[in-house]
């Protein structure tokens, strides 16, 4: 298997150097950009297996860069971790709504970011052997191909949204709390707020159209995927 290609879009030289040292023992191919425009250029030329994107960038900020990344078919599903100096929930929610799969709040530990990247890469590689193709109502999910379709039309889902839909479709009619959903999608002890889970579920519902009604909100508990 080829070495994962990690793209970091970050304008702070000290953080760039810190991440270079932290990633040196991981065997990853590392490319760094100091602006959103430069990062988009590297992404177009070399591609990426995971993107670390700073919000506070000169010129085109991280949110605008994220929109452009998700607007391109080739980069819509690349795991993307948003780095923000603003730890307030509205900023984090805004990033998730635009298509970020994850976030870290500055100052963050390089070891934590390494773990987040490993998790993101693992989600793309590790598909349960017993899970192949799921069909629920108008929805079809092909796990080995990493494709989901509504009445035969392929859906543009982020890596997190795909994993979330896979979890729901493979466990129909079971009510999951938000913490259980976090554990299933991101792993245990993952620092995601309840509001972030709600945003990700809402974004998934929108992309599912009418089929989004299959994901029910259970007041005071969490969510359930119901059979049609």
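The values are calculated or read from the model by the stated rules, or taken from the named source; none is laboratory data. None of these values were measured; they are calculated from a predicted model. Neighbour counts are summed over all protein chains in view; Cβ atoms, including those assigned to glycine, are modelled from backbone coordinates with ideal geometry.
Does the range 16-29 hold any residues that are in a helix (DSSP H, G or I) and touching a helix residue (DSSP H, G or I) at 6+ places or on another chain (Cβ under 9 Å), and which are they? Show your work before the answer.
Start the filter on the range 16-29 by keeping residues that are in a helix (DSSP H, G or I), which leaves 16-23.
Hits for the range 16-29 are 18, 19, 21, 22, 23.
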Provide a single number: the residues in the range 112-137 that are surrounded by fewer than 15 Cβ atoms within 10 Å (Cβ to Cβ) and modelled with pLDDT under 80.
8
For residues in the range 14-39 being free of Cβ contacts under 8 Å to residues at least 12 places away in the same chain and out of contact with any strand residue (DSSP E or B) (no Cβ under 9 Å at 6 or more places or on another chain), which is surrounded by the most Cβ atoms within 10 Å (Cβ to Cβ)?
17
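I'm trying to understand the selection: among the residues of the range 78-89, which are crowded, with 20+ Cβ neighbours inside 10 Å and part of a loop (DSSP other than H, G, I, E, B)? Give the steps one after another, and end with the answer.
Step one: list which residues in the range 78-89 are crowded, with 20+ Cβ neighbours inside 10 Å, which gives 78-84.
If the condition is that a residue be crowded, with 20+ Cβ neighbours inside 10 Å and part of a loop (DSSP other than H, G, I, E, B), then 78, 79 are the ones that fit.
Give the residue that is modelled with the highest pLDDT, with candidates limited to residues of the range 100-111 that are assigned to a loop (DSSP other than H, G, I, E, B) and under 15 Å from residue 195 (Cα atoms). Let's see the steps before the verdict.
First, the residues of the range 100-111 that are assigned to a loop (DSSP other than H, G, I, E, B): 100-101, 106-109.
Checking which are under 15 Å from residue 195 (Cα atoms) leaves us with 100-101.
Numbers: 100: 86, 101: 82.
Top of the filtered list is 100.
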Quick one: would you say residue 60 is part of a loop (DSSP other than H, G, I, E, B), in the same structural domain as residue 106 (by TED's automatic domain parsing) and over 19 Å from residue 106 (Cα atoms)?
yes
Index of the failed condition, residue 140 passing every other in (1) surrounded by fewer than 16 Cβ atoms within 10 Å (Cβ to Cβ); (2) modelled with pLDDT of 90 or more:
(1)
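Using the structure shown, decide if residue 150 is touching a residue at least 40 places away in the same chain (Cβ under 8 Å) and touching a helix residue (DSSP H, G or I) at 6+ places or on another chain (Cβ under 6 Å).
Details: touching a residue at least 40 places away in the same chain (Cβ under 8 Å): yes; touching a helix residue (DSSP H, G or I) at 6+ places or on another chain (Cβ under 6 Å): yes.
Yes.
Looking at the range 162-204, which of its residues are part of a loop (DSSP other than H, G, I, E, B) and either modelled with pLDDT of 85 or more or not assigned by TED's automatic domain parsing to the domain that holds residue 142 (or both)?
Of all residues in the range 162-204, those part of a loop (DSSP other than H, G, I, E, B) come to 170-174, 187-193.
Of everything in the range 162-204, those that are part of a loop (DSSP other than H, G, I, E, B) and either modelled with pLDDT of 85 or more or not assigned by TED's automatic domain parsing to the domain that holds residue 142 (or both) turn out to be 170, 171, 172, 173, 174.
Of everything in the range 213-223, what is within 16 Å of residue 135 (Cα to Cα) and crowded, with 16+ Cβ neighbours inside 10 Å? Give them in sequence order. Before the answer, list the steps.
First, pick out the residues of the range 213-223 that are within 16 Å of residue 135 (Cα to Cα): 213-215.
Answer for the range 213-223, where residues must be within 16 Å of residue 135 (Cα to Cα) and crowded, with 16+ Cβ neighbours inside 10 Å: 214, 215.
Can we say residue 148 is outside any loop (DSSP other than H, G, I, E, B), crowded, with 19+ Cβ neighbours inside 10 Å, at pLDDT 85 or above and assigned by TED's automatic domain parsing to the domain that holds residue 210? Step through it out loud before you land on a result.
Details: outside any loop (DSSP other than H, G, I, E, B): yes; crowded, with 19+ Cβ neighbours inside 10 Å: yes; at pLDDT 85 or above: yes; assigned by TED's automatic domain parsing to the domain that holds residue 210: yes.
Yes; evaluated as a whole, the condition is true for this residue.
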Among the numbered criteria (1) modelled with pLDDT of 85 or more; (2) farther than 19 Å from residue 157 by Cβ; (3) buried (at least 18 other Cβ atoms within 10 Å of the Cβ), which one does residue 94 miss?
(1)
